[in-house]
Amino acid sequence: MKAVLLDTDDHYQVAELDEPTPGPGQVGIRVAYAGIQWGDTMVRDGHFPVPRPFAPGFEASGHIITVGEGIDAARVGEPVAVLTTSGAYAEVVVAPAVLALGIGDLPLRTAAGLGWGAPTAYDLINTATRVRPDESVLIHAAAGSVGTLAAQFAHLAGASRIVGVVGSAARADYAAQFGYDQVLLREEFPAKLGDDKFDVILDPVGGPTRHTGLERLAAHGRLVAYGNLGTYEPVLADTNDLLMHGKSLMTYNSNLLGQTHPERLAESARHALDLVADGHVRVDITAEYDLTDLALGVQRLAEGGTHGKSILRVA
């Protein structure tokens, strides 16, 4: 089969490999599309150390073609969206059966756009921060895959005000399609907000942005950190100050959740998938690449040159 490998020089190469065989509790999927995500940039740049050569790709859509021990053979032929830890940029990938979700009539191309971003956005709004009706929500990286989905989930949860922060005017125009009441440029944050504070803040940026976010929390507000797009420098918080104002600083790590409690991740992914299938939430795929163009897709994502979701066409 054809598969992409990341070599020791940080280059992507298309290679011929043997098709993998699913082990106990796993399924094998003939891949139609694979999603490009921020984890690809982190692996490429060495923030997630992995043995090289490495078979990248963490999310895909396709049809189950083989099952491992303990998995019902009736699943063969089922169209699925799948989350995995590697190998999705290939014609065949194996994944835990619990993280291979049947998609029914949802198009495979759309299903590939769900990826890890959909359960992450769902959990940020509904599980980690538990957005309540009439609460206000501030979302950084508002034009990205997670941000555009999180805004829609926040609207469904009853948020009364949803504000996004983005890096360019073009990204602000794009984000405005997804239900934001206001979209700020990064350089306008926080000055343009005046004295406004928020019940919930989603922060994948870190550093000074995270410090400012803690100051911008309302009483009983919740800030959830789920990435470090800006810097890996640690952010220290005064727990006494948080306690006095009832504020909470929490984290969310979907990769860890997939390892420790994959059934929880699958449940959130199922909720998100159903909302997309029902038309309540929109996944916006804005770029599609061939298998040989993965390097271009990852680089554009790393440079901030994309919005919405980028996918790779495999079949």
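Points to keep in mind about this one:
- In this structure the amide hydrogen of Gln182, modeled in the peptide plane, comes within under 5 Å of the amide hydrogens of Ile162, Gly164, none closer than 5 places in sequence on its chain.
- Straight-line cross-link partners of Lys192 among the lysines, defined as a Cα under 30 Å from its Cα and at least 8 positions apart when in the same chain: Lys247, Lys309.
- At q = 0.16 Å⁻¹, base-10 log of I(q)/I(0) for the chain (Debye sum, equal scatterers on each alpha carbon): -1.31
- Overall, region 187-315 carries a charge dipole of about 180 debye about its Cα centre when +1 sits on the Cβ of Lys and Arg and -1 on the Cβ of Asp and Glu, all other atoms neutral.
- Computed with a 1.4 Å probe over protein heavy atoms only, the accessible surface of the chain comes to 44 Å² per residue.
- Sorting 247-259, 7-19 by their mean Cβ neighbour count within 10 Å, with the most densely packed peptide first, gives 247-259, 7-19.
- The peptide list 237-244, 284-291, 135-142, 91-98, put in order of mean Cβ contacts within 10 Å with the highest first, becomes 135-142, 91-98, 284-291, 237-244.
- Rounded to the nearest 20 debye, dipole of the chain from Cβ charges on Lys, Arg, Asp, Glu: 440
- Positive dipole terminus of the chain, leading residue within Ala269, Gln259, Ile311 (C-beta point charges): Ala269
- Mean sequence separation of contacting Cα pairs (under 8 Å, at least six apart), scaled by the length of the chain, corresponds to a relative contact order of 19 percent.
- Remark: spin-label model distance His220-Gln177 equals 3.7 nm, labels positioned 7 Å along the Cα→Cβ axis.
- Residue among Val93, Ala118, Thr41 farthest towards the positive dipole end of region 34-173, charges placed on Cβ: Thr41
- For the pair region 51-73 and region 143-208, the centres of their Cα atoms are 35 angstrom apart.
- Placing +1 on the Cβ of every Lys and Arg and -1 on the Cβ of every Asp and Glu, with no other charges, gives region 51-143 a dipole of roughly 220 debye about its Cα centre.
- For region 1-124, the relative contact order works out to 30 percent when only alpha carbon pairs closer than 8 Å and six or more residues apart are counted.
- Within the accessible surface of the chain, defined with a 1.4 Å probe on protein heavy atoms only, the carbon and sulfur portion equals 51 percent.
- Hydrodynamic radius by Kirkwood, which averages 1/r over all alpha carbon pairs of region 223-296, in angstrom: 16.5
- Asp241-Arg186 pseudo-label distance in nm [points 7 Å out on the Cα-to-Cβ vector]: 2.3
The values are calculated or read from the model by the stated rules, or taken from the named source; none is laboratory data. Remember, it's a predicted structure, so these values are computed and weren't measured experimentally. Every residue, glycine as well, gets a Cβ built from its backbone with ideal geometry; the counts of neighbours run over all protein chains shown. In case anyone asks, the SASA skips ligands and DNA or RNA and just uses the protein heavy atoms, side chains included. Shrake-Rupley method; radii C 1.70, N 1.55, O 1.52, S 1.80 Å.
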